[in-house]
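The values are calculated or read from the model by the stated rules, or taken from the named source; none is laboratory data. This structure is a prediction, so every number in the text was calculated from the model and none was measured. Methodologically, a virtual Cβ is constructed for each residue, glycine included, from the backbone with ideal geometry; neighbour enumeration extends over all protein chains shown. Note: areas computed on protein heavy atoms with side chains; ligands, DNA, RNA excluded. Shrake-Rupley method; radii C 1.70, N 1.55, O 1.52, S 1.80 Å.
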Amino acid sequence: MEKSFLIYFLFACSFFFPQKIETKGMVVRDSIIIQTKDKATLSLTLIFNKNQEPQNTILVNTIYPDRKNIDLVKNFVLNGYVGAILHTKGKYLSDSSIEPFEHEADDINEAISWIIKQPWSNGKVGMIGGSYLGFSQWAAAKRLHPALRTIVPEAATGVGTMSLPMNNNIFMCYSLQWLDCVTSNKMVDTKSFYDNAKWNSIFKKWYESGKSFRKLDSIGGKPNVIFQKWLNHPAYDEYWKKMIPYKDEFSKINIPVLSVTGYYDVDKSGVLYYFKQHYQYNQNAEHYLIIGSYDHWGAQGFIKKELRGYKTDPVASIDLNKIWLEWFDYILKNKPKPEFLKDKINFQVMGANRWGSAHSIEVSEKNKIRFYLENDGKSLALSPSKNKKENFSFLKVDLKDKTDADELLNLKYNILDHFIYTKNNLFFKTKPFEHPFELTGNFSGNLSFSINKKDVDLYVSLYEETSEGQYFLLSSYVSRASFAKDNEKRNLLTPGKIETIPINNYDFISKKIEKGSRLVLITGIVKSPFWQLNYGTGKDVSDETVADANEPLEIKFYNTSFVEIPILKY
């Protein structure tokens, strides 16, 4: 690495080509240095096939330098494309500071400008990649380069309040774990990242200490400048908006897009945010979505036959790599569109072993059934009709009590399980269904409640309870109440006043609900070693400590609260 920089400075030019490396029919040119307009440096790896004619380029932007990244583009290179792997500013051979997410919008476009000037380029570029690599493509589309003809974001991170470092304005402890992995050195610190015992110990120590969330990095023994910077932006403000398209900027994205996510992808909310915003501001967009029973890795092509206790349907095991190659051939080589893409939305119906398709993500909006959160004094129910008499369901949570740390850290969070966690939440159930039906779409609704605090972090989870007594996780939602109506501006609650906030999440699920099953809605308070802890004072939550907890949190969920379930009847 040091030798490469020495050569770079000796030649005082924007790039250089080291010795060629043969790799199974491909030629790899590593350590290419590009100098940006602001005099920073980016490093690039190129992978060629034997064809010497100008070709289309498949570009990947990654914050995870690794020799194995060649595998991300190998299939395309072997099928007549040039592969290019761009490393985020500050990574690999770049001498700049590492500032995740902040520079991709400009840097990728500078890299594309460099690529299309090379003799091996025909002037057309496509992008692909998952997670951070998926975010990168939307960052590039923010200032869309004329040569960028299509993007294929898989499990794309919704940076800001969508999925990382926050989910609906609630910071996750995981964000520090991830930052430690990507900012510790020019490569990645995977040994530390995958040491769950270490990180669980840090999260537990913070949780039990009662110290502010801002102390999390120092408790881990390794202060992180980026982590502290992020905590200064708890709203979706200008800091986050500059990283990805914002509102009208989506209207200018007129290139074809193929997005992929999974029902259990941790970045699903990010993928669906991009998808919905794109169509909201550009009704003529050519944007396709594939969504199935996948986790974060499955949405990137590593599909599992068993997922957290759930054996997926055989039809879910599709060849995504084949579809991606067909997509690039369709856009860049004028070949037929992938046959798999039947319509704009292509979703796998869990439990039915089939795929469905729809022209809009609101496939079941006209067929939603409303259920109210009722308390008849004996049990809690999801009722299709609202009681004319006002009632409420009461929950009391002692935010000072941290004796639950170990049991929370050891929860399995399975998709299908006989066990379901019952503390700090309330259960509402429907009656058993007399007929099977297909639940397809996104559950939504309103929560009407009053609390004795100025703020609260809520969660709502939807399950199918089968006739055999198993719980199948359908959807989950978390939200900071003070940001529920506007993720850009905090609006504190008035203690004792009945407030109504929307359940407004970026989600999509499709599953056959069997005869005899019930729907179970669980609502409660976010109180976990894995999440920022909101003590409800109204101060910046990152600065609150256990000293701010005072009396236990008391919340009343009124029976005007409801959820709407998207249903397609058989």
Query raised in the report: Does W230 meet the test of being under 22 Å from the mean Cα position of the chain (by Cα) and in a helix (DSSP H, G or I)?
Result: yes
Requested in this report: Filter the range 487-540 down to residues that are among the polar types (S, T, N, Q) and open to solvent by 20 Å² or more (accessible area, probe 1.4 Å), then give me how many there are.
Outcome: 6
Query raised in the report: Quick check: is even one residue across the range 171-191 open to solvent by less than 50 Å² (accessible area, probe 1.4 Å), over 30 Å from N505 (Cβ atoms), within 22 Å of the chain's Cα centre (by Cα) and of a type outside the set (A, V, I, L, M)?
Result: yes
Query raised in the report: Which residue pairs have Cβ atoms closer than 7 Å, lie 6 or more positions apart in sequence or on different chains, and pair a first residue in the range 487-516 that is without any contact (Cβ under 8 Å) to a residue 24 or more places away in the chain with a second residue that is of a type outside the set (S, T, N, Q)?
Result: N491/K485
Query - Residue ID - nearest to the chain's Cα centre (by Cα), chosen from residues in the range 328-357 that are of a type in the set (D, E) and farther than 18 Å from Y81 by Cα - result: D343
Report task. List every residue pair whose Cβ atoms lie under 6 Å apart, where the two residues are 6 or more positions apart in sequence or sit on different chains, the first residue falls within the range 421-441 and is on the phi > 0 side of the Ramachandran plot and buried (at least 19 other Cβ atoms within 10 Å of the Cβ), and the second residue, located anywhere, is modelled with pLDDT under 95 and assigned to a loop (DSSP other than H, G, I, E, B). Result -> G441/V363; G441/S364
Query raised in the report: Which one is surrounded by the most Cβ atoms within 10 Å (Cβ to Cβ) among residues in the range 113-142 that are assigned to a strand (DSSP E or B) and over 18 Å from the mean Cα position of the chain (by Cα)?
Result: M127
Query raised in the report: Taking strands (runs of 3 or more DSSP E) that fall entirely within the range 338-449, which contain at least 1 residues that are more than 30 Å from F275 (Cβ to Cβ) and either modelled with pLDDT of 95 or more or not polar (S, T, N, Q) (or both)?
Result: 368-375, 380-383, 392-397, 425-429
Query raised in the report: Under 6 Å by Cβ, and 6 or more places apart or on different chains, what pairs join a residue from the range 533-544 that is of a type in the set (F, W, Y) with one that is modelled with pLDDT of 95 or more and open to solvent by less than 10 Å² (accessible area, probe 1.4 Å)?
Result: Y535/L399; Y535/E544; Y535/A549
Report task. State whether the residues of the range 43-57 include one that is of a type outside the set (A, V, I, L, M), in contact (Cβ under 8 Å) with a residue 60 or more places away in the chain, in a helix (DSSP H, G or I) and open to solvent by less than 20 Å² (accessible area, probe 1.4 Å). Result -> no
Query - strands (runs of 3 or more DSSP E) within the range 455-566 that include 1 or more residues more than 27 Å from the chain's Cα centre (by Cα) - result: 499-503, 518-525, 553-558
**Report entry** Every residue from the range 451-486 that is in contact (Cβ under 8 Å) with a residue 24 or more places away in the chain, surrounded by fewer than 19 Cβ atoms within 10 Å (Cβ to Cβ) and either in contact with a Gly (Cβ under 6 Å, 6 or more places away or on another chain) or more than 23 Å from V397 (Cβ to Cβ) (or both)
**Finding:** K454, T466, S467, G469, Q470
Query - Flag for D417 being within 30 Å of I291 (Cα to Cα), surrounded by 21 or more Cβ atoms within 10 Å (Cβ to Cβ), in contact (Cβ under 8 Å) with a residue 60 or more places away in the chain and not aliphatic (A, V, I, L, M) - result: no
Requested in this report: For D401, work out the one condition from (1) open to solvent by 30 Å² or more (accessible area, probe 1.4 Å); (2) of a type in the set (D, E); (3) under 29 Å from G309 (Cα atoms) it doesn't fulfil.
Outcome: (3)
Report task. Being open to solvent by less than 10 Å² (accessible area, probe 1.4 Å) and of a type in the set (G, A, S) is the filter; apply it to the range 213-263 and report the residue that is nearest to I509 (Cα to Cα). Result -> G262
Query raised in the report: In this structure, does K335 turn out to be over 28 Å from I525 (Cα atoms), part of a loop (DSSP other than H, G, I, E, B) and open to solvent by 30 Å² or more (accessible area, probe 1.4 Å)?
Result: yes
Query raised in the report: Out of curiosity, is K368 basic (K, R) and touching a residue at least 12 places away in the same chain (Cβ under 8 Å)?
Result: yes
Report task. Scan the range 272-306 for residues that are in a strand (DSSP E or B), touching a residue at least 40 places away in the same chain (Cβ under 8 Å) and open to solvent by less than 10 Å² (accessible area, probe 1.4 Å) and jot them down. Result -> H287, L289, I290, I291, G292, S293
Requested in this report: Exactly one condition in (1) under 21 Å from the mean Cα position of the chain (by Cα); (2) crowded, with 17+ Cβ neighbours inside 10 Å; (3) within 29 Å of K74 (Cβ to Cβ) is not met by I323; state its number.
Outcome: (1)
